[in-house]
1. Pairs to check: Lys78/Lys642; Lys589/Lys656; Lys139/Lys410. Give those whose C-alpha atoms are more than 28 Å from each other in this structure.
2. Roll a 1.4 angstrom probe over the protein heavy atoms and tell me the percent of accessible area of segment 276-422 that is carbon or sulfur.
3. A 28 angstrom limit on the alpha carbon distance is what I want to check against. Which of Lys84/Lys207; Lys142/Lys653; Lys143/Lys389; Lys565/Lys646 exceed it?
4. Of Ile502, Ile591, Thr491, whose Cα points farthest to the positive end of the dipole of the chain (charges on the beta-carbon: +1 Lys, Arg; -1 Asp, Glu; origin at the Cα centre)?
5. Accessible area of Glu32, 1.4 Å probe, to the nearest 10 Å²?
6. Taking loop as defined by DSSP and a crowding limit of 16 other beta carbons within 10 Å, which trypsin sites (Lys or Arg not before Pro) in segment 360-397 fit?
7. Please state, to two decimals, what the Cα-based radius of gyration of the chain comes to when divided by 2.2 N^0.38 Å (N = residues).
8. Can you give me the relative contact order of segment 276-422 as a percent, contacts being Cα pairs under 8 Å and 6 or more apart?
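The values are calculated or read from the model by the stated rules, or taken from the named source; none is laboratory data. The structure displayed is predicted, hence computed values, not measured ones. Quick reminder, even Gly has a Cβ in these numbers, built from the backbone with ideal geometry, and neighbours come from all protein chains shown. What goes into the accessible areas is simple: the full protein's heavy atoms, side chains included, and nothing from ligands, DNA or RNA. Shrake-Rupley method; radii C 1.70, N 1.55, O 1.52, S 1.80 Å.
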Amino acid sequence: MATEDVKAKTTKKKEKVAPKPADLALDVASQEMIARSREMEIETIFDRAQTMKPCNIGVQGTCCKNCAQGPCRLPLPKSGIEGKDTRKGLCGATPETIAARNFARMVAGGAAAHSDHGRGVAETFLAAARKETHDYSIKDTKKLLEIAPDFGVEITVEGEDGQVMDRDIDEIALEVAEKALAQWGQQQGEVMTVKRAPAPRYELWKKLGVVPRGIDREIVEIMHRTHIGVDQDYENIVEQCSRAAIADGWGGSMIATDLQDILFGCPYPVKSSANLGILKEDHVNIIIHGHEPLLSEMIVQAAELPEMIELAKKNGAKGIQLGGICCTANEILMRHGVPLAGNFLQQELAIVTGAVDAMVVDVQCIMENIANVADCFHTKIITTNPRAKIASGHCLHIEFDEHTAFEDAKRIVQTAIENFPNREKEVIIPDQRHDLVAGFSYEAINYHLGGTFRGSYVPLNDNIINGRIRGIGGVVGCNNARTMLDDGHITVIKELIKHDVIVLTTGCNAIACAKAGLLTPESAKVFCGPGLAEVCETVGIPPVLHMGSCVDNSRILMAATEVVKAGGLGNDISDVPVAGSAPEWMSEKAISIGHYFVVSGVYTVFGVTFPVSGAPVFEDYLYNKLEGIYGGMWDLEADPIKHAHKMIAHIDKKRKALGIDKARERVLMDMADRQKLEAA
Ligand code: NFS
């Protein structure tokens with residue numbers, strides 16, 4: 001090729017037009033801020049997703065870099081596999097072994113992140129129980145008494161006269177704290193909370209030998225097994241994934257949720273609002289971003305102090321506005337009604353408003369580039385956790401310690417306030433904000449449906465049995481810059497509720513729903529099928545129930561268990577008309593969550609991509625064979641409408657197996673008849 005031709009070709013490549021903001025994000029606030037970042041020539045993830053394409057071999061899950069002889073790359077041949085698959089790494093590892101090892105390391109990473117979060121909560125809980133800190137205390141004694149027996153802790157004692165008396169609450173708290181914390185380092189036996197699963201599920205796990213021994217142990221064992229030359233049997237590797245994932249969902253995450261509820265209060269329905277429009281130009285805006293409520297709870301309290309509000313006024317602001325991003329957002333929304341600023345892909349965009357005086361971060365899902373974006377504004381990025389620092393000279397580190405928590409939080413809030421007068425760029429806050437109702441812990445659903453005095457899941461089951469509600473969708477997970485922000489989430493959910501599937505949501509999916517107005521009872525009339533709309537209207541709930549952060553996926557497991565207990569829908573989670581989904585997943589945590597959904601008996605569909613396509617035998621094992629073992633299996637469907645319909649088909653399959661498929665036809669016929677009458 002002549003030099004000119006080559007030049008012309010490269011120039012042509014460079015001139016590739018960037019996609020319009022409206023093609024990158026569903027919500028208008030994000031579109032406006034993507035446009036502003038481009039005008040200001042500030043690079044964000046939306047730009048990098050265009051300039052850097054993912055590695056085709058990694059996408060297939062068949063790149064092994066577990067030793068220094070590689071990376072060994074085993075992509076599927078373009079022509080497909082004909083005859084025997086002869087692909088091998090230097091050590092002889094097959095594509096199946098490599099993809100299974102990579103998958104397992106994702107489970108380990110995800111389970112470690114959730115569980116280390118849980119450990120932090122358990123340590124703080126222990127400090128509170130020992131009265132070593134005055135900043136945290138036992139708030140929800142009812143929940144403490146409910147969970148104590150799961151840790152083998154007695155809640156009553158027999159007096160000398162043989163009379164049974166209530167045990168001292170501090171004593172109970174201390175024993176629960178010690179037992180809970182011990183679940184991490186335990187070497188033998190069983191993680192105690194696993195027994196909360198329906199009895200047939202627990203028995204199945206026992207039979208399969210996948211009941212986790214200790215939370216840390218199962219994660220470490222994945223790292224060992226996936227070292228070069230150890231486990232070379234993908235089925236055996238998946239077995240270990242099951243132990244670690246159960247240790248996450250029914251262990252570390254579940255304990256985190258429980259202890260957080262006891263320390264900060266169990267969530268009940270609360271009103272608030274969502275999207276970047278919650279920021280206020282004339283207020284000190286503090287974004288709390290990350291995951292652990294230990295920090296954010298203290299910041300909420302510190303920001304309410306009269307002395308802080310006074311200080312804000314002295315610095316020229318009218319007050320202090322807090323907003324959350326990622327799962328921290330969900331934690332403080334659920335318990336305090338603090339508005340949601342946005343989900344994962346909006347973290348840079350929040351700074352682009354020019355209105356954020358400080359972004360306070362702890363751990364997980366914090367993009368390193370927020371430091372670069374903040375450099376273009378006055379925004380201070382404040383890291384707080386010794387596990388997560390950002391190597392940029394412009395980031396402040398104010399370490400947060402549970403023993404001095406409130407003082408640390410006050411320093412953080414003060415730093416944000418004192419930064420308010422330093423705003424230098426024009427503040428542009430998108431006028432986009434939606435109302436929402438959140439706070440549906442599984443306890444709250446219980447009371448909502450059954451009444452305060454006799455909480456019960458029976459009305460939910462009745463409505464599933466009579467067909468008004470077709471089934472339950474657990475739709476959760478991240479944003480992924482390889483796909484349009486929130487589009488997958490919202491399309492899947494609208495399709496589900498249109499077909500009478502009630503949705504339980506957590507994580508960044510919940511924030512997407514909030515922005516799209518799906519977390520209001522009023523949305524039922526607009527978006528739901530007739531059966532679900534009727535139930536939502538009668539009970540006064542939204543069709544999409546926000547259950548919390550990603551560790552709170554354990555609430556979905558408990559809700560499913562309550563459904564089984566309420567009766568009429570089978571004996572195990574795998575019998576219930578339920579399906580799981582993460583339409584825009586990207587993190588390792590999502591893989592751990594997906595796997596504990598699957599081994600709990602839930603058919604679970606992921607969107608975007610799944611890193612196993614280069615190993616067809618392993619792929620088939622996850623997508624098909626697991627159903628025969630656990631009653632749940634993985635699936636991938638990138639098209640959101642097809643994705644929703646795969647879930648609906650599974651729900652219908654379960655309805656049929658339960659013999660309740662006819663009931664639904666009757667309900668729909670009733671509705672159609674009614675509509676005909678109305679039209680006449
Ligand atoms: Ni979950 Fe929460 Fe969001 Fe994904 Fe990240 S914030 S723990 S991982 S991106 S849902």
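1. Numbers: Lys78/Lys642 26 Å; Lys589/Lys656 33 Å; Lys139/Lys410 22 Å.
The pairs that break the limit, which is 28 Å between Cα atoms, are Lys589/Lys656.
2. Reported share for carbon and sulfur atoms: 47 percent.
3. Numbers: Lys84/Lys207 34 Å; Lys142/Lys653 39 Å; Lys143/Lys389 35 Å; Lys565/Lys646 26 Å.
Pairs exceeding 28 Å: Lys84/Lys207; Lys142/Lys653; Lys143/Lys389.
4. Farthest towards the positive end: Thr491.
5. Rounded to the nearest 10, that gives 80 Å².
6. Those that pass, being in a loop and sparsely packed, are Arg387, Lys389.
7. On the way: Rg = 25.4 Å, N = 680, 2.2 N^0.38 = 26.2 Å.
Its radius of gyration relative to the 2.2 N^0.38 Å reference: 0.97.
8. Working: 297 pairs, mean separation 42.9, N = 147.
Computed value for segment 276-422: 29 percent relative contact order.
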